[in-house]
Amino acid sequence: MTTTSTPPTAAPATEPPAGPPETPFLGRFLGRFRTPAAFLLGAVLLVGVAPLVLSDFRLGLLAKYLCYGIVAVGVSLAWGRGGLLVLGQGVFFGLGGYAMAMHLKLADAAATGETLPDFMLLYGTEGGLPWWWQPFANPAFALAMTVVLPMAVAALLGALVFRRRVKGAYFAILSQALAAALAIWLVGQQATTGGTNGLTGFQGFFGYDLNDPINQRMVYVVIAVALLLLMAAARQLFVSRYGELLIAVRDSEERVRFLGYNPANVKLVAYVVAAGMAGLAGALFVPAVGIISPALIGIVPSIGFVIGAAVGGRASLVGAVLGAIAVAWAQSTLSDAWPAGWTYLQGLLFVVAVGFLPGGLASLRTVLRRRRTSSDRVGATKGVTT
Amino acid sequence: MSGEGLTVRDLRVTFDGGVTAVDGVDLDIGPGDLRFLIGPNGAGKTTLVDAVTGLVRASGSIRFGGEEIIGEPVHRIARRGIGRTFQTATVFEQLTVEQNLDIAAGAGRSALTLLRRRRNVPESVGKALEITGLTALRHRPAGVLAHGQKQSLEIGMLLVQDVKLLLLDEPVAGMSHDEREAAGELLQRVSEDRTVVVIEHDMEFMRSFARSVSVLHAGKVLSEGTVAQVQADAKVQEVYLGRASEPEPSVAVPVPVPAPVREEV
Amino acid sequence: MTVILNQSFTGVSIGAVLLLIALGLTLTFGQMGVINMAHGEFIMAGAYTTYVLQKPIGDAGVSLLLALPVAFLVAGSMGALLEWLLIRRLYTRPLDTLLVTWGVSLMLQQLARDIFGAPNVQTTAPGLLTGSVSVAGVNLATSRLFILGFALLCVAGLAAILRTTPLGRRIRAVVQNRDLAEVSGIATGRVDRTTFFIGSGLAGMAGVALTLIGPIGPTTGTNYIVDAFLVVVVGGIGRLRGAVITAFVLGLLQSVLEYSTTVSVAKVVVLVGIVAFLQWRPQGLYTVRTRSLV
């Protein structure tokens, strides 16, 4: 009985090698512009078509899914490329979200002439506004913090963990514990963080009335543009020398070290960038959905951030983002109508996608093709093509 | 440039459990030397190389090119120009041959260079592809290469890394006679402008290509000198090299067992 | 003085629960390197086993004693089944195992919700275990004392199995060198499944013990699982002694911090402490000496 069965081959993590130089001109032309063309098509669909054809309600939902898509961009970089199982993305999503929410609450309070946000008045916070709330009244500071805060926490944790060569499993468990600890802490600080209820009931967004549907549409466009820009940035990282180095670290960390690189720094960059993206996603989630709460950032949602990327294909940027959007859509659609069924389906998705299709749906075509031509494979890999 | 010299003084490595693997080794390897480290299994050869490359904690002194390197992290030592191979070839299986070499060539790259796409490869990469005969396979993932090709790729990576000191752990293990000859000639060529240290169990190979030899036994240097000097040393014959004086290797003198693939790496 | 004793006892009993839950993990995670997130659901299965047995039997004491072996079998079989169906295909991919078993854990929780309902249920504890004894002015709940004693008994039993029985030798052989064990004639597949059976069975017994300290529900196990993993990580992979010490230290720390601050702050401080500790000893409290690169 075999106990260590060979895992199904992961999706090729590298871009397919450039075709031989004698490709016809048209083919080369298409190959070269395929990515920008697909990108442009996506941009037109997201920014141009979607706001025209979708109702206010559906566009709002799409805005929420796109926020999960932004988190998936980072997950794809850190996990898909770097092999770092980031199970604590909820922490960074939450830090970004709370930073934004705190500013919006303070701005709302200022607009009605109060000094304290409504929920603090309700709980009767003594001693006025806590000191760590005060700087968030400044919009520039709050905006910066939505990204800087998560990145700083990730840098600190990552530097400690990667420098000491803590194993991947430890890293995953520590990330989860961090997500749990932050959620528990937020629940415990009812008077200053809103506790279980979180922060909600935002009226304005940098001077715009959030109750006005046209402004909700504006928020959607901001989110869509952010997603597109971050995907472009991540793609640049994927195809850059850094992207190749990241794969090398995932393959054999020690070997990279003997070549004169410090793998801890290589991993740290991916981890911190992913954290920044999650933070930005959290910040954009707040005006789009109107709430940030501990239930959105604990262990369960943190693993949820990963599942979308796993289903779509962790190593494929587009696959991860589409997977995250699709899973978020399925969750919203099914979990109300059929809550028990959705939980089973979600569990099954984990088992099937991660266990049997580690490359995700993005690798389905490759896997099928490989199966069909498995007899030719031996010759193909051994033969030398010139 | 003819490489840098390595000077080791009173090197000791003790593992957690109290096992002393290297027990006061002194070693002088001059620039441009082609030094073979031999000795029975467990003599401390691989641990010595581990200590020089910073993989295990050691006490004593290791000077490379006149500077103390003991206690430095692995990647710093590598940047000083010390490269190594392992008993089993380690390449980045998910990357292409060319990408493997490009990464080896680029330890000093700036952040800005790293963030850009690889448009062309450094000249040294092209040269290494030629020397190792891998040019035709440059776009293949390294994972699908045959065992020998992986070993060639690994040596190619050391070449583009432009190391001054090369530490090779059983580079010809599992090779046929002809492949050994070719590998030995490659070593001699490489050592023209580099210092090379080879751990080897194959005495035939050692006799053909070594410029100097150190015999390790139980964590200490037992004997040192040219191949002839070492073979003439009574102590060495006693513990190890018995078969050098025999006409046929098949005679019942203790013969060094060809190293089985150990699980250290 | 009473306060100190009181808090120490609370800490020790938190530690005992942690230890009981982490004990199974020292086998499946510690010895085999499998991150089984469904371990918490095996605990839940053990807890519900007690609940189910109590209905027809009635007598709380008898049903509790009967529940221990039955829960061991129920949870152990679930574990062995999971190993056979999924985990054995994933031994080379430990991080993927984590996600796959998380999916299983979601499904098992929902299954419990469908069978027993979402609200928590309460079992009745035997009369002997509902009171408390007074020692040096401190009231010690007998249920907590029982859990402490039971946890120590399980540790002793597991240590004896690993150290003296042929099965224990086989488990250790497979852990140390799978290939060598295989060519030495050990059916590594069967050993893996047995190890998983015992580890999961221990989780089931932990679940029985948990019914003594509060109501149980579909998420009973999940609430403890991350803490239990931390115990194994800090204790040192594959080290029973490390897990025992870590469980009690974390329990005491938690209890002292909860007393001086709040539950939520205590959690955060303990976690920061763990990260700091791993800086000092990245392999945990006790380590196995290896020459391997990773």
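The values are calculated or read from the model by the stated rules, or taken from the named source; none is laboratory data. Just so it is clear, the model here is predicted, and its values are computed rather than measured. A quick note on method: Cβ atoms are made from the backbone with ideal geometry, for glycine too, and the neighbour counts reach across all protein chains shown.
Things to note:
- Residue identified as in contact (Cβ under 8 Å) with a residue 60 or more places away in the chain and either out of contact with any Phe, Trp or Tyr (no Cβ under 9 Å at 6 or more places or on another chain) or within 10 Å of chain A (Cβ to nearest Cβ) (or both) among B:ALA142, B:ALA173: B:ALA173
- Scanning the stretch A:77-123 for residues that are aromatic (Phe, Trp, Tyr) and modelled with pLDDT under 90 returns A:PHE119, A:TYR123.
- Looking across the stretch C:116-131 at every residue that is in contact (Cβ under 8 Å) with a residue 24 or more places away in the chain and within 14 Å of another protein chain (Cβ to nearest Cβ), the one that is nearest to A:PHE305 (Cα to Cα) is identified as C:ALA118.
- Positions within the stretch C:245-268 being surrounded by 18 or more Cβ atoms within 10 Å (Cβ to Cβ), of a type in the set (A, V, I, L, M, F, W, C) and more than 20 Å from C:LEU19 (Cβ to Cβ), in sequence order: C:VAL268
- Being in contact with a Lys or Arg (Cβ under 6 Å, 6 or more places away or on another chain) and assigned to a helix (DSSP H, G or I) is a property that holds for C:GLU83.
- Which listed residue, of A:GLY308, A:GLY279, A:GLY304, is at pLDDT 95 or above and either part of a helix (DSSP H, G or I) or in contact with a Ser or Thr (Cβ under 8 Å, 6 or more places away or on another chain) (or both): A:GLY279
- Residue in the stretch C:25-41 that is among the polar types (S, T, N, Q) and either closer than 13 Å to C:VAL208 by Cβ or surrounded by fewer than 19 Cβ atoms within 10 Å (Cβ to Cβ) (or both) present: no
- Residue within the stretch C:28-36 that is among the hydroxyl-bearing types (Ser, Thr, Tyr) and within 14 Å of chain A (Cβ to nearest Cβ) present: yes
- Just one of (1) over 27 Å from B:GLU200 (Cβ atoms); (2) surrounded by fewer than 21 Cβ atoms within 10 Å (Cβ to Cβ) fails for B:GLN149. It is (1).
- Checking B:ILE77 against (1) hydrophobic (A, V, I, L, M, F, W, C); (2) within 14 Å of B:GLN161 (Cα to Cα); (3) touching a helix residue (DSSP H, G or I) at 6+ places or on another chain (Cβ under 7 Å), the condition it does not meet: (3)
- Of C:ALA112, C:ALA151, C:ALA141, all but one fail to be under 25 Å from C:ALA247 (Cα atoms) and modelled with pLDDT of 90 or more; the exception is C:ALA151.
- Among all positions in the stretch C:61-83, there is no residue which is touching a helix residue (DSSP H, G or I) at 6+ places or on another chain (Cβ under 7 Å), within 8 Å of chain A (Cβ to nearest Cβ) and under 24 Å from A:LEU345 (Cα atoms).
- Some residue of the stretch B:71-78 being more than 20 Å from A:ALA264 (Cα to Cα), basic (Lys, Arg) and in the same structural domain as B:SER208 (by TED's automatic domain parsing): no
- Every condition in (1) assigned by TED's automatic domain parsing to the domain that holds B:SER208; (2) surrounded by fewer than 17 Cβ atoms within 10 Å (Cβ to Cβ) holds for B:GLU170 except the one numbered (2).
- Filter pass, B:GLY133 being over 23 Å from B:PHE64 (Cβ atoms) and either of a type in the set (Phe, Trp, Tyr) or within 12 Å of another protein chain (Cβ to nearest Cβ) (or both): yes
- Conditions (1) buried (at least 22 other Cβ atoms within 10 Å of the Cβ); (2) in contact (Cβ under 8 Å) with a residue 12 or more places away in the chain: number failed by C:GLN110: (1)
- Residues of the stretch C:137-167 that are surrounded by fewer than 17 Cβ atoms within 10 Å (Cβ to Cβ) and of a type outside the set (A, V, I, L, M): C:GLY137, C:ASN139, C:GLY149, C:GLY157, C:ARG163, C:THR164, C:THR165, C:PRO166.
- Within the stretch B:30-128, helices (runs of 4 or more DSSP H) holding 2 or more residues that are more than 16 Å from B:GLU154 (Cα to Cα), in contact (Cβ under 8 Å) with a residue 40 or more places away in the chain and more than 9 Å from chain A (Cβ to nearest Cβ): B:45-52
- For the condition among the charged types (D, E, K, R), crowded, with 23+ Cβ neighbours inside 10 Å, in contact (Cβ under 8 Å) with a residue 12 or more places away in the chain and farther than 21 Å from C:ILE161 by Cβ, C:GLU83 does not qualify.
- Yes/no for A:ILE291 being over 16 Å from the mean Cα position of the chain (by Cα), within 30 Å of A:ASP209 (Cα to Cα), away from every other protein chain (no Cβ under 13 Å) and of a type in the set (A, V, I, L, M, F, W, C): yes
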